[in-house]
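A short write-up of the structure that comes next.
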Amino acid sequence: MYSTLRLFRHIRIVPADLRGCFCTHKMPLVTRQSINLYDIEQQHKQILHIDEQSVLEPVPEDQTVEIHPYTRPTFNFAAYVNRSESLKKLVQLGVDLHKLEKRKGIPQFLMQLDFEKNMKQHLVFLAEIGVNVEQFGEFITKNPLIFKEDLGNLEVRVNYLESKRFLPEQITRIVVQNPFWLMISTRRIDRRLGFFQKTFELRGDEVRSLTVKQPRIITYNLEHIRKSTFSIKEEMGFDAQETKALLLSKPKLWMINQDKLQYRFDFVHQRMQVTHAEILKHPEILESRDHRTKQRHGFLKFLGKAQYDPSKDLYISLKTLVEGTDQEFVINTAKSSMQCFDDYLKTL
């Protein structure tokens, strides 16, 4: 693989000159469900042409790739790997063809590509912005449609991030953590960054910090983001500054199902009697799986140790409540035995 990549270095693309601050225009209302419901392979047209809706949502059925004449309705890459140099190269890079063959239109799209003509320079580009060869397989498995993108557009989108003072290693993380980022125009990314900056009153460095910490939130379904923000502010009772603090520390909370997030908050705040201030100190409590929090809190309550107020004796940190294995929790936090914990679980 490394010897193949060394052959690519003759490519050089002239960077574009992009200037200006993060856009703060009002974003249009999204009316579809969360990004979690879409099919990955049906995003490309949506990203490029439908600005009124979420960055990553389904496209109509008639926009899928034409069927390759030598493929079958029930597709299996195994029948073609030995005869296709392009597929062999993808396998060598660690691409999971088994996953890709299940995605509508993707097998037909990949079968039309020639590795030398259609893939090689895209891999060179990814390598030049810091994506490791070992990461190619996972990246392509998640977003094989990267090979549809014009190299000039990819370069412009990286140049945009550079113009916004993102460091090279930060750009690499953004691309690796969100493989769809490079599919989106700079205009749309600018509007998304502007939305977060305006909505949460973020400074420029805070916008960059949020983007690097959780790149997926920038391209996430805006209707979901708005509803989560409303729920956290109005239903959970966090003020603007507290909401901002939550976003910067645990942006993943904005991508959790709203009902599930509300349920977790209600349990922690009302049943466990944990204050907003303590939740802000340990927001990971809202990311913990429901059954883990309920079982461990219940066990501590059974032992008479469910005390989460730091101003009182025998204080139990919310962080130690949810992190580590059950054995670590039982021994280090509950100061009990696994036998006692197992006996307690049998009573539930």
(1) more than 30 Å from residue 238 (Cβ to Cβ); (2) buried (at least 20 other Cβ atoms within 10 Å of the Cβ); (3) in contact with a Ser or Thr (Cβ under 9 Å, 6 or more places away or on another chain) all hold for residue 118 apart from (2)
The one condition in (1) surrounded by fewer than 18 Cβ atoms within 10 Å (Cβ to Cβ); (2) under 20 Å from residue 205 (Cα atoms); (3) more than 17 Å from the chain's Cα centre (by Cα) that residue 164 fails to fulfil: (1)
I'd like to check something: does region 329-338 contain any residue that is within 30 Å of the chain's Cα centre (by Cα) and not in a loop (DSSP other than H, G, I, E, B)? yes
Among the numbered conditions (1) farther than 22 Å from residue 171 by Cα; (2) surrounded by fewer than 19 Cβ atoms within 10 Å (Cβ to Cβ); (3) touching a residue at least 40 places away in the same chain (Cβ under 8 Å), tell me where residue 274 comes up short. (2)
Step by step: first the residues of region 190-223, then only those that are among the aliphatic types (A, V, I, L, M) and in a helix (DSSP H, G or I), then the one that is surrounded by the most Cβ atoms within 10 Å (Cβ to Cβ). Which residue is that? 193
For the condition loosely packed, with under 13 Cβ neighbours inside 10 Å and either modelled with pLDDT under 95 or in contact with a His (Cβ under 8 Å, 6 or more places away or on another chain) (or both), what is the one hit in 72, 103? 72
When you go through 226, 173, 187 one by one, which is the residue that is in contact with a Pro (Cβ under 8 Å, 6 or more places away or on another chain), open to solvent by 10 Å² or more (accessible area, probe 1.4 Å) and in a helix (DSSP H, G or I)? 173
Please work out which residue is nearest to residue 263 (Cα to Cα), limiting yourself to region 292-344 and to residues that are hydrophobic (A, V, I, L, M, F, W, C) and open to solvent by 50 Å² or more (accessible area, probe 1.4 Å). 302
Exactly one of 113, 154 is under 19 Å from residue 211 (Cβ atoms) and free of Cβ contacts under 8 Å to residues at least 40 places away in the same chain, and that one is 154
The residue that is farthest from residue 189 (Cα to Cα), considering only those in region 121-145 that are assigned to a loop (DSSP other than H, G, I, E, B) and open to solvent by 10 Å² or more (accessible area, probe 1.4 Å), is 132
Can you pull out every residue in region 146-157 that is part of a helix (DSSP H, G or I) and open to solvent by 10 Å² or more (accessible area, probe 1.4 Å)? 147, 148, 151, 152, 153, 155, 156, 157
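The values are calculated or read from the model by the stated rules, or taken from the named source; none is laboratory data. Note that this is a predicted model, so its numbers are computed, not measured. Using ideal geometry, Cβ is built from the backbone for each residue, glycine included, and neighbour counts are taken over all protein chains shown. Keep in mind that these areas ignore ligands, DNA and RNA; they rest on the heavy atoms of the full protein, side chains included. Shrake-Rupley method; radii C 1.70, N 1.55, O 1.52, S 1.80 Å.
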